[in-house]
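Participant: Take this structure, written in structure tokens, and hold onto it; I'll ask about it next.
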Amino acid sequence: MMHMKIYVERPLWDSFQFFNTIRSFFKFDVEFEEYKFKDPHFLAYIRIRSPDKREFYDPFPIEIENERRGLIKGVIYDGVELLKHFCFNIDVSNPAVLITERLIATFGEDGRYHLRMIVMGPAAIISLKGVLYAPAKPLQYYLMHSFGFDDEIEVRVDKVLKMLLLQFYAYFKYNEIFCEKEECMLHNCHTTEEIKKVTGLCEKHRKMLKNVVNLSPLSSKKK
Ligand SMILES: [Zn+2]
């Protein structure tokens, strides 16, 4: 029977608040496990060095040491490389997801890195920090706030987590990539305003997914 395995990277595991929310969202079993990357050299190697170049360098010893000690504030990783590495260490015959606090980005066709909430392949990596920072904010936000990287951003993390997990499930099971309907949980949201417009599943995806998720209306709560 289908189940999903969700790895939560240490040290996020200790403060992770969404075990029950996620378990009650899916109708199949969701198993959680604490995860730790074992190769600090590799993590330091796949750090993004420049926003417009996809090049990797042998890291300095201090960078490897900082990885070992978890001193990674402000570090952004190449999401594709991190996902490959993760997939190599786990079973991908069922949907498997890593939830991390690391910031991840992927190199776009425009020749620049873009911060991501999720990177998908045989498995997926969801960045909780990416959930907060990756969706571009409306212009008004920039006008109203002097914007720093530590500012609190109005996003319902549990809602976005459900959306991203379901997007990966649909991709894993049906090869379905994103929905054009803006109210649908499979919509590829780029802004917090778009996230707020999501209320549930569209007709097509409700048919496809009604047997795997409990659709308590997302719209009943604010944001
Ligand atoms: Zn849809």
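Participant: If you go through the range 123-136 one residue at a time, how many are at pLDDT below 80, out of contact with any Ser or Thr (no Cβ under 6 Å at 6 or more places or on another chain) and not in a helix (DSSP H, G or I)?
Facilitator: 1
Participant: Also, I was wondering about something else. State the number of residues belonging to the range 84-134 that are of a type in the set (A, V, I, L, M) and over 16 Å from the mean Cα position of the chain (by Cα). Walk me through it before giving the result.
Facilitator: First pass over the range 84-134, keeping only residues of a type in the set (A, V, I, L, M): 90, 92, 96-99, 103-105, 115, 117-120, 123-126, 128, 131-132, 134.
Subset that is over 16 Å from the mean Cα position of the chain (by Cα): 90, 92.
Counting residues in the range 84-134 that are of a type in the set (A, V, I, L, M) and over 16 Å from the mean Cα position of the chain (by Cα) gives 2.
Participant: Applying the selection to the range 86-122, what residues are part of a loop (DSSP other than H, G, I, E, B) and touching a Phe, Trp or Tyr at 6+ places or on another chain (Cβ under 6 Å)?
Facilitator: Scanning the range 86-122 gives PRO95, ARG102.
Participant: I'd like the full set of residues that are at pLDDT below 95, assigned to a strand (DSSP E or B) and either out of contact with any Leu (no Cβ under 8 Å at 6 or more places or on another chain) or exposed (fewer than 12 other Cβ atoms within 10 Å of the Cβ) (or both), limited to the range 48-85.
Facilitator: SER50, LYS53
Participant: Moving to a separate point now. Identify all residues within the range 86-114 that are touching a helix residue (DSSP H, G or I) at 6+ places or on another chain (Cβ under 6 Å) and surrounded by fewer than 20 Cβ atoms within 10 Å (Cβ to Cβ); write none if there are none.
Facilitator: Selection gives GLU101, THR106.
Participant: Output the residue which, of all residues in the range 151-204 that are in contact with a strand residue (DSSP E or B) (Cβ under 6 Å, 6 or more places away or on another chain) and in a helix (DSSP H, G or I), is nearest to the ligand (Cβ to nearest atom).
Facilitator: Among residues in the range 151-204 that are in contact with a strand residue (DSSP E or B) (Cβ under 6 Å, 6 or more places away or on another chain) and in a helix (DSSP H, G or I), the one nearest to the ligand (Cβ to nearest atom) is TYR171.
Participant: Just to verify a result, which residue in the range 1-13, among those that are modelled with pLDDT under 95 and farther than 11 Å from GLU101 by Cα, is surrounded by the most Cβ atoms within 10 Å (Cβ to Cβ)?
Facilitator: Taking the candidates together, the pick is MET2.
The values are calculated or read from the model by the stated rules, or taken from the named source; none is laboratory data. Bear in mind that the values here come from a model prediction, so they are computed numbers and not experimental data. All Cβ positions, even for glycine, are placed from backbone atoms using ideal geometry, and neighbour counts span all protein chains on display.
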